[in-house]
1. Give the residue that is farthest from residue 481 (Cα to Cα), with candidates limited to residues of the range 75-112 that are among the basic types (Lys, Arg) and part of a helix (DSSP H, G or I).
2. From the list 338, 385, 428, 373, which residue is of a type outside the set (S, T, N, Q), within 30 Å of residue 311 (Cβ to Cβ) and surrounded by 19 or more Cβ atoms within 10 Å (Cβ to Cβ)?
3. Look at residue 169 and say whether it is part of a helix (DSSP H, G or I), surrounded by fewer than 21 Cβ atoms within 10 Å (Cβ to Cβ) and of a type in the set (Gly, Ala, Ser).
4. In the range 54-74, how many are more than 17 Å from the chain's Cα centre (by Cα), modelled with pLDDT under 95 and not in a loop (DSSP other than H, G, I, E, B)?
5. Looking at 104, 108, 139, can you tell me which residue is of a type in the set (Phe, Trp, Tyr) and out of contact with any Leu (no Cβ under 9 Å at 6 or more places or on another chain)?
6. Look at residue 141 and say whether it is within 30 Å of residue 82 (Cα to Cα) and either modelled with pLDDT of 95 or more or assigned to a helix (DSSP H, G or I) (or both).
7. Search the range 255-280 for residues being on the phi > 0 side of the Ramachandran plot and surrounded by 14 or more Cβ atoms within 10 Å (Cβ to Cβ), and hand back the single one that is nearest to the chain's Cα centre (by Cα).
8. Within the set of pairs 6+ apart or on separate chains, which have a first residue in the range 322-349 that is farther than 19 Å from residue 376 by Cα, a second that is of a type in the set (Val, Ile, Thr) and surrounded by 22 or more Cβ atoms within 10 Å (Cβ to Cβ), and C-beta atoms under 7 Å apart?
Amino acid sequence: MTHSLESIDLAIRRLPPNRVEFGIGARTNSGDVQKTTQRRPDAVLLVRLQLRVGDKVIVGCSGDRPSFGWLDKRPEKTADEKLSALLDLVEFARTVWLEEGRSFATPFALWQQCYQRILKHARSLNHEDLTASYACALFERATLDAFCKAAEQPFFRWIRSDASGFEPARIHPELAGKSLSEVLAFPPTPRLHIRHTVGLTDPIIASDLDSATRANDGEPETLADYAKRDGLRYFKIKISGSPDHDIARLQRIWHHVLVEVKEPAVTLDGNEAFHDLATFEAFVDRFASEVPGLFDHTLFIEQPLTRALTSDPSTSDALRRIAARKALVIDEADGSLEAFKTAWQMGYSGTSHKNCKGVFKSLLNAMLCDHFEAQSDRTAFLTAEDLSNMPILPLHQDFAVVATLGISHCERNGHHYALGLSHLTPAEKNDIASQYPDLYVQRGDEWFLRIQDGQVRLASLLSQPGLGGTLQPQWESLIPLADWRREIGA
């Protein structure tokens, strides 16, 4: 049976300013961290497509923040140039999906064809491979959403059938004979531990708060207050690549907050902050000796090195020494379909799942984890990361995939840098309140992600057909991408 894509629309949802300051990335020579009350761009990019399946036309949707600063950190271009180039690539990807989608047999075959075209075009324009993955993944998820809805099945059930045409050996020949139903032979995770992100400028305790910049909106503003109110056990701590500053901050977090948490579990995120291996190895040595309690409760260190250094074979011996003490994970360096295999061979233990890198890619990486563990005595794993997921579509679709992959904890922090669902319309909030009572809670006049005992409950989301449920944005409240680009000069 052949299928066809009939239309694809792109729209923008504007976001209000963050409720508190946000800081990420390497420190300057003076020791400062760039901080802002608004990460650029102040928008979520949303996709709506129409899929014809037999005599039915089904709407599929997806969305992501166009986080150009994370996708491409090279200093040669300005932020405006990076945003414009990213949106150009997204619009090119839309054209590719419409052309290849005129007639196709399976979603996997369509994705593979589109991905190769988009990657080739992106490389010709000197984009990062990660940017090509982002552009393709927007339309991949909308297509998967439509197919799940056409089958009237939630994603976890639909993807384990043969309906997607998933053939992992077409990408990784060593996976021949393996099936998703075999590797993912478990129910979806009904509850996820929230791994609370601790940004480089986030206040740890009350004395860190600046009275001039306080939000005073009734929500917690310190790590200590969040840990207590939400019952958090899992934490993701940003590090800057400056060992003196990082060790001092880790000591404060451990002694002022985490020692009070029962069975804390921590990950560190370097965001490519270390530009040489010796500095990173020295940091790990100091971390183990100067903050031993926190070191023992740390699960892994994510993307400590630049993506160029990550793939440098000369680092392998040192990486294996470090990895013998603490597991290492790639994130920004996971740009191509081969990246995880290369990193594994060099000593890394895992890679991040992010919907913005591609659902099929994460499924392939999950199967690689199974294959690697069967062939060695090392542990291979996927982590669930994403700084920017916001309700409705980006958050719900990511929860659906994380649960399907069986990951038990995930980075989530849009709920504390933003004021709940303040970016949604009243009608959208009403729909969320009625459809997802286990996932959201009202406090005062606003709705927020419901976190109890450090966890979110996903039963309502996982019971609905589609990739993350049936709820769509109120499309008439959004701005067509072309109009928004003219407005901001991108």
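1. The initial filter retains those residues of the range 75-112 that are among the basic types (Lys, Arg), namely 77, 82, 94, 102.
Those still in the list that are part of a helix (DSSP H, G or I) too: 82, 94.
Values: 82: 16, 94: 12 Å.
Only one residue fits best here, namely 82.
2. Going through 338, 385, 428, 373 in turn, the sole match is 385.
3. yes
4. Number of matching residues: 1.
5. 108
6. yes
7. Applying the first criterion (on the phi > 0 side of the Ramachandran plot) to the range 255-280 yields 263, 271-272.
In the following step, the residues that additionally are surrounded by 14 or more Cβ atoms within 10 Å (Cβ to Cβ) were identified as 271-272.
Details: 271: 13, 272: 16 Å.
Taking the candidates together, the pick is 271.
8. 330/310; 330/351; 333/310; 334/351
The values are calculated or read from the model by the stated rules, or taken from the named source; none is laboratory data. Quick caveat: nothing in here was measured; it's all calculated off a predicted structure. Note that each Cβ is placed from the backbone with ideal geometry, even for glycine, and that neighbours are counted across all protein chains shown.
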